[in-house]
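First up is the structure itself, then whatever we jot down about it.
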Amino acid sequence: QVQLVESGGGLVQAGGSLRLSCTASVRIFSDYAMGWFRQAPGKEREFVAAISGRGGNTAYADSIKGRFTISRDNAKNTVYLQMNRLKPDDTAVYYCNAVVVMIEGAVGDYWGQGTQVTVSS
């Protein structure tokens, strides 16, 4: 089965930086498009960033564009989210997501358990 484990969350002051990591226990990591989502208390889970299986394409939410960068190292089965110039509004649990298209168009969709990011003012 697919397992995703996030790490790198913590407490940081506004204007600071963090780098999140997500490691996947899958056989062929490049088959999976990877993404980051976040959820603050009382709010819906929202999209943050995504990257295609071999890193050729990326997408970002408008709220973080220009501050966050998603990347991946397929040799390590790991996707990263570099977060710079953090704001208190970035405080949330950040979740790693993996998507794979299987035979005959079936889609697999998997989630990690999340890592807490807290930005203080």
**Fill in**
Ser121 and Gln1 label points (each 7 Å along its Cα→Cβ direction) are spaced in nm at 4.2
**Prompt:** Once you charge only the Cβ atoms, +1 for Lys and Arg and -1 for Asp and Glu, what is the size of the charge dipole of the stretch 1-94 about its Cα centre, to the nearest 20 debye?
**Reply:** 180
**Separation of the Ser52 and Gln39 label points, Cα + 7 Å toward Cβ, nm** = 3.0
**Complete:** For the chain, the charge dipole (Cβ of Lys, Arg +1; Cβ of Asp, Glu -1; about the Cα centre) points to a positive end, and the Cα of Thr78, Phe68, Gly56 closest to that extreme belongs to Phe68
**Request:** Find the Cα radius of gyration of the stretch 71-121, compare it with 2.2 N^0.38 Å by division, and give the number to two decimals.
**Result:** 1.51
**Message:** For a distance above 12 Å, tell me the whole-number percent of Cα pairs in the stretch 10-56 that qualify.
**Reply:** 75
**Message:** Explain nothing, just compute: Karplus ³J(HN,Hα) = 6.51 cos²θ - 1.76 cosθ + 1.60, θ = phi - 60°, for every residue of the stretch 78-94 in order, whole Hz, x for Gly and Pro.
**Reply:** 10, 10, 10, 10, 7, 10, 10, 6, 5, 10, x, 5, 7, 4, 4, 8, 9
**Request:** Over the chain, average the accessible area per residue using a 1.4 Å probe and give it in Å², no decimals.
**Result:** 56
**Request:** Give me the compactness ratio for the chain, meaning the Cα radius of gyration over 2.2 N^0.38 Å.
**Result:** 1.03
**Request:** Report the local net charge at Val101: Lys and Arg +1, Asp and Glu -1, summed over other residues whose C-beta lies under 12 Å from its C-beta.
**Result:** -3
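The values are calculated or read from the model by the stated rules, or taken from the named source; none is laboratory data. Predicted model, so just to flag it, every value in this text is computed and none were measured. Here Cβ is always computed from backbone atoms with ideal geometry, including for glycine, and neighbour counts include all displayed protein chains. Accessible surface is based on the protein model in full, side chains and every heavy atom, while ligands, DNA and RNA are left aside. Shrake-Rupley method; radii C 1.70, N 1.55, O 1.52, S 1.80 Å.
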